[in-house]
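Participant: Take a look at the following structure, please.
Nothing in this text is a laboratory measurement; each read-out follows from the coordinates by a stated rule. Since the model is a prediction, treat every value here as computed from it, not as a measurement. Every residue, glycine among them, receives a Cβ derived from its backbone with ideal geometry; neighbour counts consider all protein chains shown.
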Amino acid sequence: MTVTKTETLPVRSGDDVVRVRQRVRALAVEIGLGLVDQTKIITAASELARNTLDYGGGGDVCMEIVQAAMRKGLRLTFEDHGPGIADIEQAMTDHYTSGGGLGLGLGGAKRLSNEFHIESTPGSGTRVTIARWK
Amino acid sequence: MKTDGAEVLSKTVTQDEAAILDAWNAALREGTSLQSGRIREAELQTQVKAVFGQIRDALASGGLDADAAGFASLRETLADISRSRAIQGFTPTDTANFVFSLKEPIFDALKRMLDGDATALAAGVWAAGKVLDRLGLQTMEVFLASREEVIGRQGQEIAELSTPVVRLWDGILALPLIGTLDSARTGVVMENLLQAIVDEEAEIAIIDITGVPTVDTLVAQHLLKTVAAARLMGADCIVSGIRPQIAQTMVHLGVELNVVSKATLADAFAVALKRTGRKVVRQQAPAEERR
Ligand SMILES: Nc1ncnc2c1ncn2[C@@H]1O[C@H](COP(=O)(O)OP(=O)(O)OP(=O)(O)O)[C@@H](O)[C@H]1O
Ligand SMILES: [Mg+2]
């Protein structure tokens, strides 16, 4: 698998979340994702970007276009150096929220992606990676 | 002998006033401010006169510190001018040039005045540069602050403008949402809708999300809150314009709106009419059509 394009955007304000969505849309179009798949990855990105902002105290997103065998994909890695998540299983549970949300962001992002990976160390931060393949 | 630049400058500006004013006006006439048509020549000349008079007085009061008390009224006048420039849509260059284009006329006047006395000339030029640069920067600071004010106000206006509540029929309201629903805008939307429900004694409110590009959990939560609040005011909501890709995404997210939803605003309107005891029927073919 090779990475053919990489770009990084900050996630430090509500405006940044909007910009992340716009960039993800552009990259999704670039690799030829259909309207439904575009909408899925944009929505997943929106969830993770907002978590990075609200719970992680801000961070970055690295966006990559990846090529594997005959397929192209979009891989997004959200990283923050916030408080981290002590109980990942609980955080992933639908309707669990510590911040008055719906508690559907993480589970939803997983269901909207082809690949989902989360790692978090309490006290040092959280990294969530998702990918959507064409 | 040490030459006092401030004194030299003050003397020159006072004695050579007419020539400096002429040259300054000429420089401004060549600039783009007038060509842009944003200001009339008479108005510009009035400003030139007022500002020049105050510069002369400020310099006469002694000192080159444009932040000092002697420059207070000049600073106010310049601030007023930049503020109006910002509102009238001048470019930063045009605005800064108003002050900076006074440099050359003053330098020329100093040369005429101090012909041969290089030390005095250098001191005068340095003094003029110091004062005018600082005044120029002050002008830009006010200009930028005013621009930001204008932009901030426009943002608010857009937030209000882009969330109109439309009365479709007695007791039936529509709220066409367009664009990103951030928290600030959503607050305005909700308030407008609830107020309109009270004012119109509405029974049904149709929230149309055709123009909302992404429905994530935050947008969904805003919608849920709006629907719940409307219900408390005695109105039922119908959500319309959920595009197929959005519907699929919402299913994956696990979001349930628990309201009646219709594909289009027209469908939602038909439901609303029916629920309020009305029916739309086709007229007997009108006369012209029968011809
Ligand atoms: N980057 C992060 N850093 C720390 N905690 C996080 C992070 N992301 C998620 N969490 C924790 O996981 C919980 C669940 O996240 P999830 O996105 O599923 O729901 P939510 O953000 O609370 O609500 P919603 O996303 O539905 O609006 C959050 O409430 C928060 O406690
Ligand atoms: Mg979330």
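Participant: Measure nothing but the geometry: give the 0 to 90° angle between the long axis through the Cα atoms of A:35-54 and the longest principal axis through the Cα atoms of chain A, rounded to 10°.
Facilitator: Helix A:35-54 sits at roughly 30 degrees to that axis.
Participant: Test of understanding: given chain B, find the longest segment containing no GluC sites (Glu not before Pro) that are in a DSSP loop and have at most 15 other Cβ atoms within 10 Å. Could you put the intermediate results ahead of the total?
Facilitator: Numbers: sites that count: B:Glu201, B:Glu256.
My reading of the result: B:1-200 is the longest stretch.
Participant: How high is the relative contact order of the stretch B:24-119? Use alpha-carbon pairs under 8 Å, at least six apart in sequence, and give a whole percent.
Facilitator: Numbers: 37 pairs, mean separation 32.9, N = 96.
34 percent.
Participant: Sticking with this one: Under 1.5 on a/c is rounded, so check that first for chain B, then, if it is not, pick prolate when a/b is larger than b/c and oblate when it is not; a ≥ b ≥ c are the square roots of the alpha carbon gyration tensor eigenvalues. It would help to have the intermediate numbers written out before the result.
Facilitator: Details: a/c = 4.34, a/b = 3.15, b/c = 1.38.
Note, shape of chain B comes out prolate.
Participant: Across peptide A:37-45, how many C-beta atoms of other chains are within 10 Å of each residue C-beta, on average? Let's see the in-between values first.
Facilitator: Numbers: counts 2, 1, 12, 5, 1, 5, 13, 4, 2.
For peptide A:37-45, the averaged partner shielding equals 5.
Participant: Now for a different question. Summarise the partner chain shielding of B:208-218 as one whole number: the mean count of Cβ atoms from other chains within 10 Å of each residue's Cβ.
Facilitator: Details: counts 0, 0, 0, 0, 0, 8, 9, 3, 16, 14, 9.
For this peptide, the per-residue mean of nearby foreign Cβ atoms is 5.
Participant: Report Rg/Rh for the stretch A:2-133, rounded to two decimals, where Rg is the Cα radius of gyration and Rh the Kirkwood radius.
Facilitator: Values: Rg = 14.0 Å, Rh = 14.6 Å.
Rg/Rh for the stretch A:2-133 comes to 0.96.
Participant: Output the 0 to 90 degree angle, nearest 10, between the alpha-carbon long axis of helix B:5-15 and the longest principal axis computed from the alpha carbons of chain B.
Facilitator: So the inclination is approximately 90 degrees.
Participant: By how many degrees, 0 to 90 and rounded to 10, does the Cα axis of helix B:244-253 deviate from the longest principal axis of chain B?
Facilitator: Around 90 degrees separate the two axes.
Participant: Let me ask you something else. Based on alpha-carbon centroids, what's the gap between the stretch B:73-145 and the stretch B:171-237 in Å, whole number please?
Facilitator: Cα centroid of the stretch B:73-145 versus Cα centroid of the stretch B:171-237: 53 Å apart.
Participant: Then there's this: Scan the stretch B:36-108 for trypsin sites (Lys or Arg not before Pro) in coil per DSSP, keeping those whose Cβ has at most 10 other Cβ atoms within 10 Å, and list them by number.
Facilitator: Numbers: sites: B:Arg38, B:Arg40, B:Lys49, B:Arg56, B:Arg75, B:Arg83, B:Arg85, B:Lys103; in loops: B:Arg38, B:Arg40.
Answer in residue order: B:Arg40.
Participant: Round to the nearest 0.05 the FRET efficiency obtained for A:Asp87 and B:Val260 when R0 = 60 Å and r is the Cβ-Cβ distance. Walk me through the numbers on the way to the answer.
Facilitator: Values: r = 38 Å, r/R0 = 0.63.
E(calc), rounded to 0.05, equals 0.95.
Participant: Further, regarding this structure: If contacts are Cα pairs under 8 angstrom and at least 6 residues apart, what is the relative contact order of chain B in percent? List each step's numbers first, then the result.
Facilitator: Details: 334 pairs, mean separation 41.7, N = 291.
Worked out over chain B, it gives 14 percent.
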